[in-house]
1. Going by C-beta contacts inside 10 Å, put Lys326, Lys18 in order with the fewest on the left.
2. Efficiency by 1/(1 + (r/R0)^6): what FRET value for Val227 and Ala60, r their Cβ-Cβ distance, R0 = 45 Å, to the nearest 0.05?
3. Taking the Cβ of each residue in Tyr183, Tyr240 as the centre, tally the other Cβ atoms inside 10 Å and list the residues starting with the fewest.
4. So which lysines can Lys228 reach, going by Cα to Cα under 27 Å and dropping same-chain residues fewer than 8 places off?
5. If all Cα-Cα distances of the range 143-266 are sorted into 10 Å bins from 0 onward, what percent lands in each bin, rounded to whole numbers?
6. With the cut-off at 1.5 for a/c, could you classify the range 5-229 from its C-alpha gyration tensor as rounded, prolate or oblate?
7. Can you figure out the FRET efficiency of Glu417 with Ser124, using R₀ = 51 Å and their beta-carbon distance, to the nearest 0.05?
8. What is the antiparallel percent of DSSP beta bridges lying wholly in the range 252-428, to the nearest 5?
Amino acid sequence: MREKCGIFATASENAAKKAYYALIALQHRGQESAGISVWRHRIRTVAGLGLVQDVFREPALARLKSNLAIAHVRYSTSGSLNETQPLETECCGKRIAVVHNGTLTNFGPLREEYKKRGISFKHSVDSEILGISFLWHLRETGDEFEAMRAVFDEVKGAYSVAFLFDGKVLVARDPVGFRPLSYGTGDGHYFASEDSALRPFVEEIRDVEPGEVFLLDGGSVESRVLVKERGHTCVFEYIYFARPDSRIDGVNVYSARVRMGIELARESPADADVVIAVPDSGRAAALGFSTESGIPYAEGLIKNRYIGRTFITPGQFNRELKVSLKLSPVMDVVKGKRVILVDDSIVRGTTMRRIVAMLRKAGTREVHVRIASPPIRYPCYMGIDIPTRHELIAAFGSVEKVREAIGADSLAYLSVEGLKRAVGREDLCLACLTGEYPEWAFRF
Ligand code: SF4
């Protein structure tokens with residue numbers, strides 16, 4: 001599972017340089033392309049494939065002098081250059097740059113609708129329709145907030161988005177708040193997918209509310225909550241995607257993960273000598289499990305941090321090879337022991353099967369797998385790259401079948417109720433776990 005994007009926007013001095021550092025802090029949300037657009041009499045964009053530090057060199061940043069910037073990191077399946085963001089497009093005689101985190105559910109029909117109105121699209125990616133719809137309604141209404149109200153009405157799905165146009169920046173979070181978005185103030189105004197990316201620059205931080213729109217125009221900033229629906233923040237931001245030091249809608253991600261481990265230990269205890277984590281994704285939940293169960297926590301698997309980028313090609317062979325090169329067991333911790341192995345989730349099961357086999361080879365006596373989220377059974381249409389149902393190991397089989405497939409002595413998942421208690425929120429999207437998709441995203 002991969003998050004598709006991270007976004008940033010600012011109205012402050014040296015905007016491009018701050019965007020660069022914020023993108024590095026958001027790199028975990030997308031590693032395949034990065035880009036920054038600034039306003040200097042017109043939109044100027046530098047973007048390319050690769051990590052932030054590969055795309056931007058000092059001369060490129062120096063060319064982007066401005067007090068207004070929007071920026072983006074992306075994970076894309078196509079990898080084609082014209083899919084990088086910020087993407088620039090045109091409508092109604094105006095040009096706009098767009099950065100978007102999420103996926104739109106009615107992109108296809110809307111695109112056809114706008115084509116019938118004579119609009120030509122420059123990109124294949126869904127994000128373009130956000131800019132087109134905004135400019136179309138801006139011409140109709142002559143007011144940025146009214147135009148954005150019309151976008152909320154028209155465009156469904158998940159979007160935390162920022163536009164750069166006419167020397168202004170507009171930032172918005174969709175009315176159910178699928179994707180996180182934070183706002184910070186200090187020597188200027190700052191927005192980012194996660195507040196941890198803002199901390200170096202700001203004194204005050206808060207969440208952008210679902211349905212809230214900010215307009216940065218000259219030195220002024222104005223915000224309005226235009227629409228409010230029942231909230232549906234993606235629960236996988238808490239389980240896996242977001243940085244542990246981020247706070248999403250008032251809940252610290254690390255603390256939520258520790259509580260997931262505590263709930264899991266209460267629901268599914270096991271007799272064992274040691275609790276270990278799949279690094280780094282299972283670590284906070286493993287600590288919670290250990291605290292609640294009283295079974296000591298130890299680092300039983302060590303991660304090679306430098307292997308990652310060598311093997312980015314999708315495909316079974318690469319995934320399997322990657323696991324054995326990436327992780328290795330600490331023999332003193334696992335040999336001859338009954339081990340509780342904690343991870344955040346199981347998607348295809350390939351990685352977990354390899355890890356269990358690796359622990360057995362290292363002489364582990366028993367391997368009890370505990371997963372700090374419920375089984376993933378359904379695809380995501382709101383911006384997360386979840387494989388098709390037939391690739392999800394839990395989609396059709398029982399927990400026992402999954403246990404057999406991964407070769408563990410026992411397997412247990414956190415319940416949906418336990419997960420909600422751990423996050424401390426009811427207003428969550430749980431669709432890939434329950435199959436109940438938020439109605440707003442499909443109201444078209
Ligand atoms: S379906 Fe799952 S991954 Fe997608 S937004 Fe909802 S909770 Fe997140």
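1. So the ranking, lowest neighbour count to highest, is Lys326, Lys18.
2. The calculated FRET efficiency here is 0.75.
3. Tyr240, Tyr183
4. Lys4, Lys156, Lys168, Lys420
5. Spelled out per bin, shortest first, that is 13, 41, 32, 11, 3, 0.
6. rounded
7. With R0 = 51 Å, the Cβ-Cβ based efficiency is 0.80.
8. That works out to approximately 15 percent antiparallel.
Laboratory data are not the source of any read-out in this text; all were calculated from the coordinates shown. Quantities reported herein were computed from a predicted structural model and do not represent experimental measurements. Glycine also receives a Cβ, built like all others from the backbone with ideal geometry; neighbour counts cover every protein chain displayed.
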